[in-house]
Amino acid sequence: MEATAFSPYQMKIIGLMEHVKSDEQMKEIGNLLSDYFAQKAVQEADKLWDDKVIDCSTIEKWKNEHLRTPY
């Protein structure tokens, strides 16, 4: 198995994790990170909408797409 090198950003997060003392704190941190990345995704989608890259028909196409891997 190939070794994975952590980026400086990942190392920063790992260093901060030493202060986590409970499952509840870890859950809160996970929720904060999830909310942060969800907000970034919404901002990018809004930008695509404002730039007219996507519109209602694009959303309808996405709604009906099936991207599952066939087995």
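Quick notes on this structure:
- Pair list, Cβ < 8 Å and 6+ apart or interchain, from segment 1-21 residues that are open to solvent by 100 Å² or more (accessible area, probe 1.4 Å) and at pLDDT below 95 to residues that are basic (Lys, Arg) and assigned to a helix (DSSP H, G or I): none
- Matching residues in segment 32-68 - criterion: being among the basic types (Lys, Arg) and modelled with pLDDT of 95 or more: Lys40, Lys47, Lys52
- Scanning segment 43-51 turns up no residue that is of a type in the set (Phe, Trp, Tyr) and surrounded by fewer than 10 Cβ atoms within 10 Å (Cβ to Cβ).
The values are calculated or read from the model by the stated rules, or taken from the named source; none is laboratory data. Note that the structure is a prediction, hence the values are computed from the model and not measured. Note that each Cβ is placed from the backbone with ideal geometry, even for glycine, and that neighbours are counted across all protein chains shown. For the accessible areas, the whole protein counts, side chains as well, though only heavy atoms, and no ligand, DNA or RNA atoms are used. Shrake-Rupley method; radii C 1.70, N 1.55, O 1.52, S 1.80 Å.
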